[in-house]
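Visitor: Dropping the structure in here first, questions after.
The values are calculated or read from the model by the stated rules, or taken from the named source; none is laboratory data. Note that this is a predicted model, so its numbers are computed, not measured. Ideal geometry is used to build each Cβ from the backbone, glycine not excepted, and the neighbour counts take in all protein chains shown. The area values use the complete protein model at the heavy-atom level, side chains included, leaving out ligands, DNA and RNA. Shrake-Rupley method; radii C 1.70, N 1.55, O 1.52, S 1.80 Å.
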Amino acid sequence: MVGYGCLWSISKGDIETRYLEPSFFFKYYGFEWVNFVGAEGIYILYGIWFLSALGIFLGAFYRIAIWSFFFVFTYLHLLDATNYINHYYAISIFAFFLACLPAHGACSIDAWRKPFLKQPQIPYWQIAIFQSQIALIYLFAAIAKMNPDWMLGAMPLKIWLLQSQDFPVIGSLFQYHPTHVLMSWIGLLFDLTIVVWLSWASTRKWAYLMVVVFHTTTGLLFNIGLFPMLMIFSTIVFFDPIKQQNFLEKLGVKWQETNKKATTSYLSYFFIVHFIIQIFLPLRHHFLYGNNVLWTEEGYRFSWRVMLTEKEGMATFYVEDPITERHWVVSNLEFLTPFQEKRMSIRPDHILQFAHHIAAVYARRYEIEKPIVRAAVYVAMNGRVSQALIDSKVNLAAIPRSIGQKDWILPYESL
């Protein structure tokens, strides 16, 4: 799948639009040190990505391959925060899991080359960490959908379904509001219960069929990238490992017993810490912020809030020389690509970063000492009339970046 992801990314033109065209990159808080490696470096990294995927698939030089993939893939998506998508985050997590575990212990070229690497059995906790991570993704995706927009207004699903009325067979049903509400509730109940059905042997096969049908349908209906494929393949870990082994034996795979025993390592304690963090991140909004997270996006990322908003924004920036009182209206596309501008105009933390960048550029260009940068930003969320997102009187250039609550974001007025 990771190899397909590489080719799919290239076919979409990601190398050019996401890495070569931008002159400025938005940074995750704490990762400002992640720098652009240049055009040649990006092409090299994509080559490493593909070769790593091949090594992972074959189990050849597995440790090198999986760690290379993890670092390359994670770097590419840390480079610009406008590229954030939930399933990119999930892929990095799963890659890290695989890098820490002996996934090349059987059915691999490495095990064939070096018999001492063979490990036909692993402790159950090594399977359980994948199951737990998948469970958290579905659980927090369900919890996030428990809001009035999704449950009562069928938003933003209604907007997307109205745009998909040419879908074969059932597309004509997408014009009706009851269809929108029904599909919203199906999505909520699927996320909330699917792990339970996958965990019971008596319902597992039917539950997995539902996984395939649900994610295939959403993948065909909506532009959500690799997420459906990721969930279809990753949920296989819920099947009984003995039955999976028997299935492989029917395909001709032979298992050789070794004297190597599976043991519990201190790595298990690391994963306990990991899951404490994974539980905290989706809930941090309640502890640290308390505002409408869909509007402010404070605590939005890394919290499995999947397909919850449809936003359109327009941001106009103004620069002022505090001494001469000269004014400028900024052309966003002078500094950003259309994709970056679209993402920036609805995200307060990106708006602040861009304001800092503008201040630095104009300070050099016009020899201004401490330029003032203000912004008029209007955002329409889930089909409603646009509202002002931030206080247009605030000098954004004077506000430092932080993970604290942003008092310059205006409250969301539900109409």
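Visitor: Filter the stretch 197-237 down to the residues that are of a type in the set (Ser, Thr, Tyr) and touching a Pro at 6+ places or on another chain (Cβ under 9 Å), then identify the one that is nearest to LEU157 (Cα to Cα).
Guide: THR218
Each row is one residue, and each column tells you yes or no for (1) more than 28 Å from THR218 (Cβ to Cβ); (2) of a type in the set (A, V, I, L, M, F, W, C); (3) more than 21 Å from the chain's Cα centre (by Cα).
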site	(1), (2), (3)
HIS274	no, no, no
PHE287	yes, yes, yes
ASN292	no, no, no
GLU298	no, no, no
LEU308	no, yes, no
TYR318	yes, no, yes
ILE323	yes, yes, yes
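Visitor: Further question: Please go through the stretch 197-234 and give me each residue that is under 30 Å from SER172 (Cα atoms), without any contact (Cβ under 8 Å) to a residue 60 or more places away in the chain and of a type in the set (A, V, I, L, M, F, W, C), ordered by number.
Guide: Matches in the stretch 197-234: TRP206, ALA207, LEU209, MET210, VAL211, VAL212, VAL213, PHE214, LEU220, ILE232.
Visitor: Within the stretch 349-380, how many residues turn out to be assigned to a helix (DSSP H, G or I) and either among the small types (Gly, Ala, Ser) or closer than 20 Å to PHE25 by Cα (or both)?
Guide: So the count comes out to 17.
Visitor: Now for a separate question. I'm checking my understanding of the structure. Among residues of the stretch 219-236 that are within 17 Å of ASP14 (Cα to Cα) and of a type in the set (A, V, I, L, M), which one is most open to solvent (accessible area, probe 1.4 Å)?
Guide: Ranking the candidates gives ILE224 first.
Visitor: Going through the stretch 385-415 one residue at a time, which ones are open to solvent by less than 60 Å² (accessible area, probe 1.4 Å), farther than 23 Å from TYR318 by Cβ and not small (Gly, Ala, Ser)?
Guide: Correct list: TYR412 only.
Visitor: Of a type outside the set (Asp, Glu), under 14 Å from the mean Cα position of the chain (by Cα), part of a helix (DSSP H, G or I) and buried (at least 17 other Cβ atoms within 10 Å of the Cβ): is that true of PHE69 in this structure? Talk me through it step by step, then tell me what you get.
Guide: Values: of a type outside the set (Asp, Glu): yes; under 14 Å from the mean Cα position of the chain (by Cα): no; part of a helix (DSSP H, G or I): yes; buried (at least 17 other Cβ atoms within 10 Å of the Cβ): yes.
Considered against the rule, which asks whether it is of a type outside the set (Asp, Glu), under 14 Å from the mean Cα position of the chain (by Cα), part of a helix (DSSP H, G or I) and buried (at least 17 other Cβ atoms within 10 Å of the Cβ), PHE69 comes out as no.
Visitor: From the set of residues in the stretch 173-201 that are open to solvent by less than 20 Å² (accessible area, probe 1.4 Å) and within 24 Å of the chain's Cα centre (by Cα), which is nearest to LEU139 (Cα to Cα)?
Guide: Restricting to residues being open to solvent by less than 20 Å² (accessible area, probe 1.4 Å) and within 24 Å of the chain's Cα centre (by Cα), the top hit is ASP191.
Visitor: Sticking with this one: Which residue pairs have Cβ atoms under 6 Å apart, sit 6 or more places apart or on different chains, and have a first residue in the stretch 348-365 that is in contact (Cβ under 8 Å) with a residue 60 or more places away in the chain and among the hydrophobic types (A, V, I, L, M, F, W, C) and a second that is in a helix (DSSP H, G or I) and open to solvent by less than 10 Å² (accessible area, probe 1.4 Å)?
Guide: From residues that are in contact (Cβ under 8 Å) with a residue 60 or more places away in the chain and among the hydrophobic types (A, V, I, L, M, F, W, C), the pairs are PHE354/MET344.
Visitor: For the stretch 356-370, which positions are closer than 18 Å to ARG401 by Cβ, open to solvent by 20 Å² or more (accessible area, probe 1.4 Å) and either of a type outside the set (Gly, Ala, Ser) or in contact with a Ser or Thr (Cβ under 8 Å, 6 or more places away or on another chain) (or both)?
Guide: First, pick out the residues of the stretch 356-370 that are closer than 18 Å to ARG401 by Cβ: 356-361, 363, 370.
Pick out the ones that are also open to solvent by 20 Å² or more (accessible area, probe 1.4 Å) and you get 356-357, 360, 363, 370.
Those that are closer than 18 Å to ARG401 by Cβ, open to solvent by 20 Å² or more (accessible area, probe 1.4 Å) and either of a type outside the set (Gly, Ala, Ser) or in contact with a Ser or Thr (Cβ under 8 Å, 6 or more places away or on another chain) (or both): HIS356, HIS357, LYS370.
Visitor: For the stretch 369-377, does any single residue satisfy the condition of being under 23 Å from GLY299 (Cβ atoms) and of a type outside the set (D, E, K, R)?
Guide: For the stretch 369-377, residues under 23 Å from GLY299 (Cβ atoms) and of a type outside the set (D, E, K, R): present.
Visitor: Which of the residues belonging to the stretch 8-45 are among the hydrophobic types (A, V, I, L, M, F, W, C), part of a helix (DSSP H, G or I) and in contact (Cβ under 8 Å) with a residue 24 or more places away in the chain?
Guide: Filtering the stretch 8-45 down to residues among the hydrophobic types (A, V, I, L, M, F, W, C) leaves 8, 10, 15, 20, 24-26, 31, 33-34, 36-37, 39, 42, 44-45.
Restricting the remaining residues to those that are part of a helix (DSSP H, G or I) gives 8, 10, 15, 20, 39, 42, 44-45.
If the condition is that a residue be among the hydrophobic types (A, V, I, L, M, F, W, C), part of a helix (DSSP H, G or I) and in contact (Cβ under 8 Å) with a residue 24 or more places away in the chain, then TRP8, ILE10, ILE15, ILE42, LEU45 are the ones that fit.
Visitor: Give just the number: which of (1) over 20 Å from SER11 (Cα atoms); (2) open to solvent by 40 Å² or more (accessible area, probe 1.4 Å) does ILE93 not satisfy?
Guide: Unmet for ILE93, out of (1) over 20 Å from SER11 (Cα atoms); (2) open to solvent by 40 Å² or more (accessible area, probe 1.4 Å): (2).
Visitor: Restricting attention to the stretch 302-320, which residues are of a type outside the set (A, V, I, L, M), open to solvent by less than 40 Å² (accessible area, probe 1.4 Å) and either assigned to a loop (DSSP other than H, G, I, E, B) or without any contact (Cβ under 8 Å) to a residue 12 or more places away in the chain (or both)?
Guide: SER303, TRP304, ARG305, THR309
Visitor: Of the conditions (1) free of Cβ contacts under 8 Å to residues at least 40 places away in the same chain; (2) under 22 Å from the mean Cα position of the chain (by Cα), ILE170 fails just one. Which one is it?
Guide: Among (1) free of Cβ contacts under 8 Å to residues at least 40 places away in the same chain; (2) under 22 Å from the mean Cα position of the chain (by Cα), the lone unmet condition for ILE170 is (2).
Visitor: Quick one: what pairs do we get from the stretch 390-415, first residue more than 13 Å from ALA355 (Cβ to Cβ), second surrounded by fewer than 15 Cβ atoms within 10 Å (Cβ to Cβ), C-beta under 8 Å, 6+ apart or different chains?
Guide: SER402/TYR29; ILE403/TYR29; ILE403/LEU288; GLY404/LEU288; GLN405/LEU288; GLN405/GLY290; LEU410/ALA388; LEU415/VAL385
Visitor: Looking for something charged (D, E, K, R) and within 30 Å of GLN278 (Cα to Cα) - is there at least one such residue anywhere in the stretch 127-147?
Guide: yes
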